[in-house]
There are 2 protein chains.
Amino acid sequence: MSDFSKYSVTLDGSDIQKKRQEIKEYFNNTLDLYEKVFSLLKSDDIFYKKSELTRHPMIFYFGHTATFFVNKLINMKIIDERINSDFESIFAVGVDEMSWDDTESSNYIWPSVDEVREYRLKVKELVNDLIMNLPLSLPIKQDSDMWIILMGIEHERIHIETSLVLHRQMSIDDIKEVKEFKLCPHSDSAPKNEMIEVSASFVKLGVDETHNLYAWDNEYGVYEEEVAGFHVAKYLVSNGEFMEFVKDDGYETKEYWDDEGLKFLGISGAKYPEFWVKDAQIYKYRSLAKIIDMPLNWPVDVNALEAEAFCRYKSRKDGVTYSLPSEAEYRVLYEHVGLQDIPSFHESRANLNFYHYSSACPVNEFAFNDLYDVVGNVWQWSRTPIRAFKGFKVHPAYDDFSTPTFDDKHSLILGSSWASSGNLITKNSRYAFRKHFPQNAGFRYVISQSKDEHELDIYESDELVSQYCEFQYGEEFFGVKNFAIECAKIASRFSNNFTKALDLGCATGRTTYELAKSFDKVEGIDFSVRFVGVGSKLKEDGVIKFHTYNEGELFVNKTVNIKELGYENLKDNVSFWQGDACNLKPNFNSYDLVIATNLIDRLYNPRLFLDTIDQRLNKDGVLVLTSPYTWQESSTKKEFWLGGYKDEHGNEIKTIDSLKNLLSDKFELVHTQDLEFIIKETARKFQHTLSEVSVWRKK
Amino acid sequence: MSDFSKYSVTLDGSDIQKKRQEIKEYFNNTLDLYEKVFSLLKSDDIFYKKSELTRHPMIFYFGHTATFFVNKLINMKIIDERINSDFESIFAVGVDEMSWDDTESSNYIWPSVDEVREYRLKVKELVNDLIMNLPLSLPIKQDSDMWIILMGIEHERIHIETSLVLHRQMSIDDIKEVKEFKLCPHSDSAPKNEMIEVSASFVKLGVDETHNLYAWDNEYGVYEEEVAGFHVAKYLVSNGEFMEFVKDDGYETKEYWDDEGLKFLGISGAKYPEFWVKDAQIYKYRSLAKIIDMPLNWPVDVNALEAEAFCRYKSRKDGVTYSLPSEAEYRVLYEHVGLQDIPSFHESRANLNFYHYSSACPVNEFAFNDLYDVVGNVWQWSRTPIRAFKGFKVHPAYDDFSTPTFDDKHSLILGSSWASSGNLITKNSRYAFRKHFPQNAGFRYVISQSKDEHELDIYESDELVSQYCEFQYGEEFFGVKNFAIECAKIASRFSNNFTKALDLGCATGRTTYELAKSFDKVEGIDFSVRFVGVGSKLKEDGVIKFHTYNEGELFVNKTVNIKELGYENLKDNVSFWQGDACNLKPNFNSYDLVIATNLIDRLYNPRLFLDTIDQRLNKDGVLVLTSPYTWQESSTKKEFWLGGYKDEHGNEIKTIDSLKNLLSDKFELVHTQDLEFIIKETARKFQHTLSEVSVWRKK
């Protein structure tokens, strides 16, 4: 195994101490490698530049992977103390180009690179200590504390891959060569591609609980398909093969592009692939740190829209329908060539895990029987959008890793690249990106007989979100009025100014919209991207779909649209963001109203929220809390409960009294009332809850 | 290690196949040993005799341990097929002398011993197969399928111990000597006892999830105590030492006995210990298969009431207060002599696990530093009633193993006996019996400075039962009427005759009592002894206590008494039984009404109940079902759901339609209606459910 990048550790074993040692080595190797990636930046100044406008500056990514460990460890209640709460809010969240991830860097004052380096050292120390001392039994399971450490490591491995893309997108003047990242030294003209026949096969995708490597939530479950026989290209599409498409005006010929593709062309103005450089009518090639002559026999790097356009072009030329492979067809290739999973399959056999090169290499260098590059070299775009397998469950520590991508807009990339390591190079991993996103990815075409059928229901794999949609946008039961609307009414009634409101713990966003009837601007924040995604979708698409259960597994689909709700004229006044109420980013401030419905008894440390919330309110600002005070250890460690326990003298501590103690210096309690709500579980089963509303005016 | 009886297997290890082999050997050893115990019975006829009136005949116990495996495997949905449903109902349940365990053998036609032998072979085959083929990862955890196998084995180990007591209680003419059960060959005059000083010590009881031996639910959790210094008897009380008490008219002197003790004397007429035999003014000694001369230096076998009486007698004589040790004090002895747990402590060092003898032996034979028989020889009664440790949770496969004994009426026995093996000989095991119950138990006295304080709340460790008590006997909310009473009213309204009713799934029994207003006799049955215990307690004690949560951990205590409920004149007409609705004992029949409230969607296979329930109804009998049809896989495997799914043609299957299909041959559907109910979780959180009531008249 390469010393530069180690394999993921197995979850089983019989020697606890040895396992701790393995994890320790893997962890430190990961962080070292990540820091090595950032040593490509010529100087510390460059850390404040962005690879492109919609992304964060590089300093964000440098801090992000370290804060991830701390944020997850805090959320899972494995540690109680933060290392640096400022860093852990400004460096939190941010991978995909989602609307709720705030990339306007003007909102932040970024720390110095040395401060972040020092912070990374502290995290390293903390995690090394935890690795040696956390309770541990083997095999490591998804509910083990150690799983969170592995999650942090694999998360950083993903950022090793994606950061290398960002680095490659930076101006060549900003990047220096680093000896450990070796460019493949040879290239040649492109080999002629040919089609290989692959037999029909039954495939079963997905891993189960006994799988002995770390896996992300989307990898668990079962998917089975009878895959019809098909033909597949022997080689990945090379720069040479793709050159024909470019020279034949492929980027200018509209019929090769679908709507999304045309939109991409319009915005980007692309005329050739992202990492090609046109220099006086000659196409050159941007590698990580160098511009080189076009390596015609290396795979082309394109996004999914470009790959699809190429397939349409080639189909017209050859009179045969080419497409990208489906996820299931790709798995058949795996079986077709008899490929084993890591660690049985050795990295030296493919261009991955930084074993050979830190660049692509010829498409005819690594053979797998009659095919080349079944894994490694560059990722291979699939025509299959990522979807949940049957039995999918979100992991509680990272509930928005997968579900926001189950929107039929994120295509799977298959097979890994030269920059892939860790979970990324395992057989069962599943990563997906928006189709216009650049990655270390190219493609291989197939002639397929399979039809892909799928009814789109975003929330079919997210029951909790569906239940909340019904709660906020659905029917009323037992004569109890819509809670989200009633809360907005009460909050508006007690507010004194109406410039800006914050709906903290906004869930699927109904109160956020309702408040926009009174407030000029309303921001909705939720800890879970799964939830803020709903409010955001209503704003962007004008419609949300969910389902509501009647009996057992039987459900009915529901659709709510923005017109019917009467929010069409309000939508520009609302925005939705991911955020942690206990460690909110500094730019969320200057509110006339902060409302937190059913939030405080779900926070890991409600005091952190209550102690500083006054600073985010304007003069005469109002804070509205609603809660049934359902304290439970799964959300909040008992030591952080605000009520519902006896103190050391045996006195009963009630939440409302603690709120008065905590808030009375800064707020006046102006109103309390009970407010009922109903959450429907099935047509016959409901949660019926009596929330206490308390309204506090800032002194 | 003795070949006769193996140690419990450890839960961890690295070799799955080896672990399967260990479990297999332990399982087969256990069953062989159990069958060996029953070979003490002189002939097959003896199997139909009882050791005493309140117990089952011996055939019951012979079948019981085998059916236990099948019943638990079925309930945990590990297997779907019963071996013999008749055996698995008549041999189910029955250890303690509880009112809900039906010991009137006249109700059953017992099978032949050979039929039971053949049945045991089939179970052996099934379990051996499961041991080799169930999914298995190490360590084995409480939610592993294999845990259920270990549970069955340890359950049988308990019955090895208790059956030997029953055998010893049988007439000497019914028991033959079996060479493997060797009597200790030596005895002598009793040694003079003396008091040993033991230092104060902090003890921590209870095991956690990482414990690597099988443990019962009551062993998990934490209990901590600062134990003050005390003095302890060097030897167990010998027959010789106890003889003084007998000769000094101990059994006739009322002041040595408390109320419970006097009651025991009244009922039993005891004048000396159970296993002493008075033969022409000479006390002899009943061993397992033989009456022998009194072994004066062997420990006396007594119940807790006799042991306490002895302590009072000796206290008066010596002018010092003697008592039985507390659970915590006993643990200090463990530390005092530096005693390790099995398997570090070897069985050859004590009289246990059948290693030396199948009888007691001299109290001065096995030394542990300055004390004798800290473990082994006979159990030692404690003054501590068994209680839940902090963090106690019932194991879902055996939810009535412990909780029915958390009533402050079951005293712990400590240290194990010559007949103990498996979990019984481990350091952390906790077994408790009613104080008048005979076991292979004697005692050791202490001079203690500790006060035992404990507020009695039966249900403090059983939240679910408390929640149901509130549901059935507590307040009404949101204007929704008491569900248990409303159900009884509807059932009575539609019934045609009023001789006998069955309340199946009676929970805490409210509907059972309410029905007794219309019916001459009502039987309440629930799967869980935790629930039927409540109705039964209301009948016997006239009062039940429970608590209801307000906020977090804060609760209020509630008491309901039979007078206020107006059930005083009805209580002789109701009875409560443990039973499985899917495999009901044959004697439950001839009803005018069977009502099953909120039962069918909680059964592991509701068809088994519905297919045969008509046979238990009289002519014109009525069946009343109520259910919100909340199907969930944790209760019912999807293949057994009656509705809430789509069939193979994509048609929605609803429960009410399946009920019509299943019942229409034998019943006429005469009425349906919705009926609401509210279950309070906290002062602000409720389940609000809409049950469907359907009334079926037998054709």
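Residues in the range B:195-220 that are acidic (Asp, Glu) and either within 14 Å of chain A (Cβ to nearest Cβ) or loosely packed, with under 11 Cβ neighbours inside 10 Å (or both): how many?
Residues that pass the stated criteria total 2.
Taking the conditions exactly as written (away from chain B (no Cβ under 14 Å) and exposed (fewer than 13 other Cβ atoms within 10 Å of the Cβ)), does A:Glu639 satisfy them or not?
Spelling it out, it is not the case that A:Glu639 is away from chain B (no Cβ under 14 Å) and exposed (fewer than 13 other Cβ atoms within 10 Å of the Cβ).
Here are some residues: A:Pro385, A:Pro438. Which one is under 24 Å from the mean Cα position of the chain (by Cα), at pLDDT below 95 and farther than 21 Å from A:Phe275 by Cβ?
A:Pro385
Any idea which of B:Val624, B:Val670, B:Val693 is in contact with a strand residue (DSSP E or B) (Cβ under 7 Å, 6 or more places away or on another chain) and either part of a loop (DSSP other than H, G, I, E, B) or surrounded by fewer than 18 Cβ atoms within 10 Å (Cβ to Cβ) (or both)?
Unique residue meeting the criteria: B:Val670.
In the range A:247-262, is there at least one residue being modelled with pLDDT under 95, in a helix (DSSP H, G or I), aliphatic (A, V, I, L, M) and farther than 26 Å from A:Met195 by Cα?
Yes, that holds for at least one residue.
Return the residue satisfying two criteria in turn: it lies in the range B:536-547 and is in contact with a strand residue (DSSP E or B) (Cβ under 7 Å, 6 or more places away or on another chain) and surrounded by fewer than 17 Cβ atoms within 10 Å (Cβ to Cβ), and of such residues it is farthest from the other protein chains (Cβ to nearest Cβ).
B:Gly542
Here is a yes/no grid of residues against (1) touching a Ser or Thr at 6+ places or on another chain (Cβ under 8 Å); (2) in contact (Cβ under 8 Å) with a residue 12 or more places away in the chain; (3) assigned to a strand (DSSP E or B); (4) away from chain A (no Cβ under 14 Å):
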residue: B:Ser466; (1), (2), (3), (4): yes, yes, no, yes
residue: B:Val480; (1), (2), (3), (4): no, yes, no, no
residue: B:Asp503; (1), (2), (3), (4): yes, yes, yes, yes
residue: B:Glu514; (1), (2), (3), (4): no, yes, no, yes
residue: B:Ile525; (1), (2), (3), (4): no, yes, yes, yes
residue: B:Val534; (1), (2), (3), (4): yes, yes, no, yes
residue: B:Tyr549; (1), (2), (3), (4): yes, yes, yes, no
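Scan the range A:118-153 for residues that are touching a residue at least 12 places away in the same chain (Cβ under 8 Å) and either hydroxyl-bearing (Ser, Thr, Tyr) or closer than 18 Å to A:Phe60 by Cα (or both) and jot them down.
A:Tyr119, A:Arg120, A:Lys122, A:Val123, A:Lys124, A:Ser137, A:Gly152, A:Ile153
Within the range A:270-279, identify whether any single residue is in contact (Cβ under 8 Å) with a residue 60 or more places away in the chain and not β-branched (Val, Ile, Thr), and answer yes or no.
Scanning the range A:270-279, I find at least one residue that is in contact (Cβ under 8 Å) with a residue 60 or more places away in the chain and not β-branched (Val, Ile, Thr), so the answer is yes.
Scan (1) farther than 21 Å from A:Lys435 by Cβ; (2) crowded, with 22+ Cβ neighbours inside 10 Å; (3) not acidic (Asp, Glu) for the single condition A:Lys247 breaks and write down its number.
It fails just one condition, (2).
Spot the failing condition for A:Met195; the list is (1) among the hydrophobic types (A, V, I, L, M, F, W, C); (2) modelled with pLDDT under 95; (3) over 17 Å from A:Gly63 (Cα atoms), and only one is missed.
Among (1) among the hydrophobic types (A, V, I, L, M, F, W, C); (2) modelled with pLDDT under 95; (3) over 17 Å from A:Gly63 (Cα atoms), the lone unmet condition for A:Met195 is (2).
Taking A:Asp611, is it surrounded by fewer than 18 Cβ atoms within 10 Å (Cβ to Cβ), out of contact with any helix residue (DSSP H, G or I) (no Cβ under 9 Å at 6 or more places or on another chain) and either of a type in the set (A, V, I, L, M, F, W, C) or farther than 25 Å from A:Asp520 by Cβ (or both)?
It is false that A:Asp611 is surrounded by fewer than 18 Cβ atoms within 10 Å (Cβ to Cβ), out of contact with any helix residue (DSSP H, G or I) (no Cβ under 9 Å at 6 or more places or on another chain) and either of a type in the set (A, V, I, L, M, F, W, C) or farther than 25 Å from A:Asp520 by Cβ (or both).
May I ask you to list the residues in the range A:12-51 that are in contact with a His (Cβ under 8 Å, 6 or more places away or on another chain) and part of a loop (DSSP other than H, G, I, E, B)?
Correct list: A:Leu40, A:Ser51.
Pull up the range B:509-532, narrow it to residues that are surrounded by fewer than 24 Cβ atoms within 10 Å (Cβ to Cβ) and acidic (Asp, Glu), then point me to the one that is farthest from the chain's Cα centre (by Cα).
Here the residue is B:Asp520.
For A:Tyr330, which of the numbered conditions (1) surrounded by fewer than 22 Cβ atoms within 10 Å (Cβ to Cβ); (2) out of contact with any Phe, Trp or Tyr (no Cβ under 9 Å at 6 or more places or on another chain) fails to hold?
With (1) surrounded by fewer than 22 Cβ atoms within 10 Å (Cβ to Cβ); (2) out of contact with any Phe, Trp or Tyr (no Cβ under 9 Å at 6 or more places or on another chain) applied to A:Tyr330, the lone miss is (1).
Considering only the range A:72-90, I want to know if a residue exists there that is at pLDDT below 95, assigned to a loop (DSSP other than H, G, I, E, B) and closer than 29 Å to A:Phe354 by Cα.
No, every residue in the range A:72-90 fails to be at pLDDT below 95, assigned to a loop (DSSP other than H, G, I, E, B) and closer than 29 Å to A:Phe354 by Cα.
Being crowded, with 18+ Cβ neighbours inside 10 Å and within 14 Å of another protein chain (Cβ to nearest Cβ) narrows it down to one residue among B:Lys685, B:Lys698; which is it?
One residue alone meets the criteria, B:Lys685.
Can you tell which of B:His155, B:His159 is surrounded by 21 or more Cβ atoms within 10 Å (Cβ to Cβ), part of a helix (DSSP H, G or I) and within 25 Å of the chain's Cα centre (by Cα)?
The unique qualifying residue is B:His155.
Could you list, in sequence order, the residues of the range B:163-186 that are within 15 Å of B:Pro57 (Cα to Cα) and surrounded by 14 or more Cβ atoms within 10 Å (Cβ to Cβ)?
B:Ser163, B:Leu164, B:Val165, B:Leu166, B:His167, B:Arg168, B:Gln169, B:Met170, B:Asp174, B:Ile175
I need every pair where a residue in the range B:1-29 that is in contact (Cβ under 8 Å) with a residue 24 or more places away in the chain and within 14 Å of chain A (Cβ to nearest Cβ) has its Cβ under 7 Å from the Cβ of a residue that is in a helix (DSSP H, G or I) and crowded, with 18+ Cβ neighbours inside 10 Å, sequence separation at least 6 or different chains.
B:Gly13/B:Lys19
Taking the residues in the range B:642-661 that are within 12 Å of chain A (Cβ to nearest Cβ) and charged (D, E, K, R) as candidates, determine which candidate is surrounded by the fewest Cβ atoms within 10 Å (Cβ to Cβ).
The qualifying residue surrounded by the fewest Cβ atoms within 10 Å (Cβ to Cβ) is B:Asp647.
The values are calculated or read from the model by the stated rules, or taken from the named source; none is laboratory data. Small disclaimer: the values here were computed from a predicted structure and weren't measured. As a convention, Cβ positions derive from the backbone with ideal geometry for all residues, glycine included, and neighbour counts pool all protein chains shown.
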